[in-house]
Structures are given as structure tokens and as C-alpha cells.
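The values are calculated or read from the model by the stated rules, or taken from the named source; none is laboratory data. Every value quoted in this text rests on a predicted model; they were computed, and no experiment measured them. Every residue, glycine among them, receives a Cβ derived from its backbone with ideal geometry; neighbour counts consider all protein chains shown. Side chains are part of the model used for accessible areas, which takes the heavy atoms of the whole protein and leaves out ligands, DNA and RNA. Shrake-Rupley method; radii C 1.70, N 1.55, O 1.52, S 1.80 Å.
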Amino acid sequence: MVTIQDIAEIAGVSKATVSRVINRTGYVNEKTRERVQAVIDQYHYSPSASAVNLSRRETNTIGVIVPEIANTFFGELLHGIGEVIDQTDFTSFYFDSDNNSDKEERAILALEQQRVRGLLITPAQDSDAAVNRRLYSYLERLNVPTVVVDRDFPGSKWDGVFFENYQSGYCAAEALIAAGNRTLGMITGDLRLKIARERYEGFLQAAQDGGCPVSEQHIYQGDFTIEGAYAAAKRMLESDDRPQAVLTSNNLTSLGFLKAVTEKGMQIGRDIAVIGIDHIPELDILNYGFSCVARDTVQMGRLAMQVLLERMQNPDKQRQICMIPHRLILKGSEKMDA
């Protein structure tokens with residue numbers, strides 16, 4: 001491989017001159033610049049990103065850390081982020097923390113070594129005070145413009161883009177009651193996460209306000225995974241006292257619930273009513289009438305990246321918190337006579 005030293009020797013200049021030509025910094029005589037550039041072009045020389053980073057002490061890269069890269073929600077989020085990045089000179093590094101705070105911390109350290117210019121992060125979790133303190137200290141050490149996406153964490157001082165979690169649970173319970181259901185149940189997400197607790201609390205409050213308080217035995221705790229929801233749904237459906245209507249807490253929870261319903265030989269909208277949080281496009285393709293509380297996840301990614309760019313341009317501006325609105329989509333599964 002051709003090195004910067006080789007380019008300098010062939011062009012008859014110093015390594016420092018080649019570096020100034022590559023990085024477009026400092027003064028270089030125009031004829032010298034053309035001669036060096038011709039050699040670079042002839043040998044198709046491209047400096048390593050790490051070498052450029054070291055010389056500039058900054059990069060044109062953005063770090064992105066998400067907890068479940070295989071989840072379609074985060075796939076759509078990354079799509080929105082990428083749409084905005086593609087309109088800039090920035091590139092991106094993506095990391096999957098797998099909902100593991102140790103992996104998350106290693107990712108932040110790796111991004112620090114890469115000298116990223118900014119960070120978008122969905123925290124792995126928010127319930128452990130010690131983990132939250134460590135995350136805070138790691139972000140402080142990274143010391144770049146940062147936007148927290150979807151999941152906030154206690155003590156955060158960074159910009160954030162979040163979903164109307166409480167309102168989504170509230171409107172789902174309202175819709176189930178309006179459809180004629182009187183006993184409501186829920187398969188929750190991981191209640192160690194604030195987003196799960198907010199959806200749960202909104203659901204309970206709306207049921208209370210609507211005159212259909214939720215019995216504790218009709219609450220089944222899941223963990224935002226298909227497997228966790230499937231196990232919870234099986235217990236619910238095998239109970240002699242199952243609720244008439246159910247809220248499922250995210251796209252994966254809905255899929256786990258639907259798997260259990262199908263295995264039981266039941267049909268939503270006939271044997272049990274359901275509304276899920278998150279739109280699942282694949283169900284539309286199958287013409288499956290699944291009611292949901294949707295959010296524009298791609299727009300969430302776009303907005304998060306736009307907020308980060310604004311922070312990079314104006315580091316001293318006031319902290320910005322943006323909320324992605326919920327949207328109720330009723331397709332019949334919210335009532336028993338569909």
C-alpha cells in the first residue's frame with residue numbers, strides 16, 4: 001500500500017506538505033499543490049480515517065447507539081437518522097448495546113477514540129441509579145453534542161426526542177372502553193424502564209376515569225420481547241378470568257400476544273379485543289385488522305438528527321425536548337363484534 005511518505009518522496013516534498021494538501025490546511029504553493037494532488041490521484045492514495053482524525057483532532061462522524069438494532073422500531077429510527085445524515089458531510093458509526101449497560105459503555109469509549117463530533121443514544125436501561133450515574137459520567141467525558149432518543153434517564157441534561165408514552169396508554173384504554181369492553185388487561189413492557197411505566201400508568205388512569213378500573217390480576221408483566229409477551233399471553237388466555245380487552249405495549253409485545261392467540265385457536269376482534277402500541281406494517285400487508293397507537297418512528301429519527309445538528313451549530317442554546325405525537329388507528333380489533 002502507498003503511504004504518505006511514498007507520496008511525499010515521489011512528489012519531492014515533505015510529509016507535512018502532503019498532509020496540508022490532503023487536509024486543505026495551511027499554505028501550499030499552487031504548483032506544488034497540483035503536483036502533489038497528481039501523485040495522490042495517480043496512486044489512488046486515501047489516508048486512513050484514524051490518521052486524519054489524529055491530525056484534525058476531530059472527525060465528520062456521528063455516533064449512534066441503540067439497544068435493539070434487530071427491532072424494526074430501531075430500524076425505522078436509524079432510517080430516519082440516515083436520511084438526514086445523507087444530506088450532510090457526516091458519516092455514522094452504529095452500535096447495538098443489546099440492552100446491556102456494559103456494552104453501552106464500551107461503545108461510548110470506542111466513539112471517544114474515534115473522536116466523533118456528536119452522539120445519538122437510546123440508553124440501555126434507566127432503573128439502576130449506579131448505572132445511570134456511570135452513563136452520565138461517560139457522556140460527560142465524551143463531551144460532544146448529544147441527543148437522548150426514545151428513552152430518557154434520570155439526571156439527563158442533554159437534548160431529547162421522545163414519544164408520548166403516557167398519552168398512548170391513556171388513549172388506548174379510552175378506545176377499548178368506547179368499544180364496549182368493561183374488563184381491561186395489559187401485557188406490560190419492562191417496568192424497569194420509564195417508557196413502560198408511563199404507558200402502564202396512562203392505561204390505568206384512563207380505565208379508572210372511564211369507570212372500568214383494571215384488576216391487578218389482569219396485568220401481566222412482559223419485557224418488550226416476543227418471547228416475554230408470548231409467555232404472558234399464554235398465562236392470560238389460559239386463565240378462567242381473562243379480560244375482554246388487552247393493551248400490548250410495543251410491536252414485539254403485540255407479536256408475542258398474537259402468536260399465543262393464534263395457537264389457542266382464537267381470533268382478535270371475535271374472542272378477545274386488543275390494541276397495540278406501535279404500528280406493525282407487516283400486518284397491513286396480510287390485511288390483518290390490528291388496531292394500534294402509532295408513532296412516526298422514521299420522523300423520530302429525522303428529528304433527533306436535526307436536533308443534534310442544531311446543537312452542534314449552537315452549543316450554548318437552551319436544552320431542547322421534543323415529543324413525537326401518538327396516533328390512534330382503529331381497524332376493528334378493539335371490539336368483540338368485528
Original post:
Relative contact order for the chain: what is it in percent, counting Cα pairs under 8 Å that are at least 6 residues apart?
Top reply: 17 percent
Subject >> Label-to-label distance, nm, for residues given as Glu201 and Ile321 (7 Å Cα→Cβ offset) >> reply: 1.2 nm
Subject >> aspartates and glutamates whose Cα lies under 14 Å from that of Lys194, excluding same-chain neighbours fewer than 8 positions away >> reply: Asp126, Asp128, Asp150, Asp152, Glu164, Asp223
Subject >> Global form of the chain, assessed from the alpha-carbon gyration tensor, a/c cut-off 1.5 >> reply: prolate
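Under the classification rounded if a/c is under 1.5, otherwise prolate if a/b is larger than b/c and oblate if not, where does region 165-295 fall, given a ≥ b ≥ c as square roots of the Cα gyration tensor eigenvalues? Can you show the working numbers first?
Numbers: a/c = 1.24, a/b = 1.16, b/c = 1.07.
Since a/c stays below 1.5, the shape of region 165-295 is classed as rounded.
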**OP:** On a 0 to 90° scale, report how tilted helix 72-85 is relative to the longest principal axis of the chain, with both axes built from alpha carbons and the result rounded to the nearest 10.
**Re:** 30 degrees
Original post:
For His79, His44, what's the largest-to-smallest order of accessible area, 1.4 Å probe?
Top reply: His44, His79
**OP:** Nearest 5 is fine: what % of DSSP beta bridges in the chain come out antiparallel, could you say?
**Re:** 10 percent
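Run the dipole for region 165-295 about the Cα centre, Lys and Arg Cβ at +1, Asp and Glu Cβ at -1, nothing else charged, and hand back the magnitude in debye, nearest 20. Intermediate results must be reported in sequence, preceding the final value.
Values: 12 positive and 16 negative charges, 4 e Å.
That gives region 165-295 a dipole magnitude of about 20 debye.
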Original post:
What length, rounded to one decimal in nm, is gained on full extension from Gln299 through to Ala16, with 0.36 nm per residue of separation minus their alpha-carbon distance?
Top reply: 97.4 nm
Original post:
Which of the lysines could be linked to Lys264 by a straight reach, that is with a Cα gap under 20 Å, when you skip same-chain ones fewer than 8 residues away?
Top reply: Lys234, Lys335
Subject >> Point-to-point label distance, Gln313-Ala70, nm (Cα→Cβ direction, 7 Å offset) >> reply: 3.9 nm
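At a 10 angstrom cut-off on C-beta neighbours, averaged per residue, how do the peptides 271-278, 215-222 rank from highest to lowest? Spell out each step's value before the answer.
Details: 271-278: 24.4, 215-222: 16.8.
Top of the packing list down: 271-278, 215-222.
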**OP:** With a 1.4 Å probe and every protein chain kept in, tell me what percent of the accessible surface of the chain is carbon plus sulfur.
**Re:** 48 percent
Original post:
Which one of Ile280, Met266, Ala232 is farthest out on the positive end of the charge dipole of the chain, using unit charges on Cβ (Lys, Arg +1; Asp, Glu -1) and the Cα centre as origin?
Top reply: Ile280
**OP:** Just subtract the alpha-carbon distance of Tyr43 and Gln221 from 0.36 nm times their residue separation and send over the number in nm, one decimal.
**Re:** 58.0 nm
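Please label the shape of region 115-156 as rounded, prolate or oblate, based on the square roots a ≥ b ≥ c of the eigenvalues of the alpha-carbon gyration tensor (a/c under 1.5 means rounded; beyond that, a/b larger than b/c means prolate, else oblate). Don't jump to the answer; show the numbers that get you there.
Values: a/c = 2.55, a/b = 1.46, b/c = 1.74.
Here region 115-156 falls in the oblate category.
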Original post:
Between Glu34 and Gln267, what length comes free when the chain is fully extended (0.36 nm per residue of separation minus the Cα-Cα distance, one decimal in nm)?
Top reply: 76.6 nm
**OP:** With a 1.4 Å probe and every protein chain left in place, work out the accessible area per residue of region 165-295 in Å², rounded to a whole number.
**Re:** 41 Å²
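Within region 268-326, report the trypsin sites (Lys or Arg not before Pro) that DSSP leaves as loop and that have at most 10 other Cβ atoms within 10 Å. Spell out each step's value before the answer.
Numbers: sites: Arg270, Arg295, Arg302, Arg311, Lys317, Arg319; in loops: Arg270, Arg295, Lys317, Arg319.
Hits after loop and neighbour filter: Lys317, Arg319.
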Original post:
Mind checking the angle between helix 101-113 and the chain's longest principal axis? C-alpha axes, 0 to 90 degrees, to the nearest 10.
Top reply: 20 degrees
Original post:
How much accessible surface area, in Å² rounded to 10, belongs to the heavy atoms of Asp316 with a 1.4 Å probe?
Top reply: 140 Å²
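Once R0 is set to 56 Å, what does the formula 1/(1 + (r/R0)^6) return for the Cβ-Cβ distance between Asp102 and Asp240, expressed as a FRET efficiency to the nearest 0.05?
On the way: r = 43 Å, r/R0 = 0.77.
It comes to 0.85.
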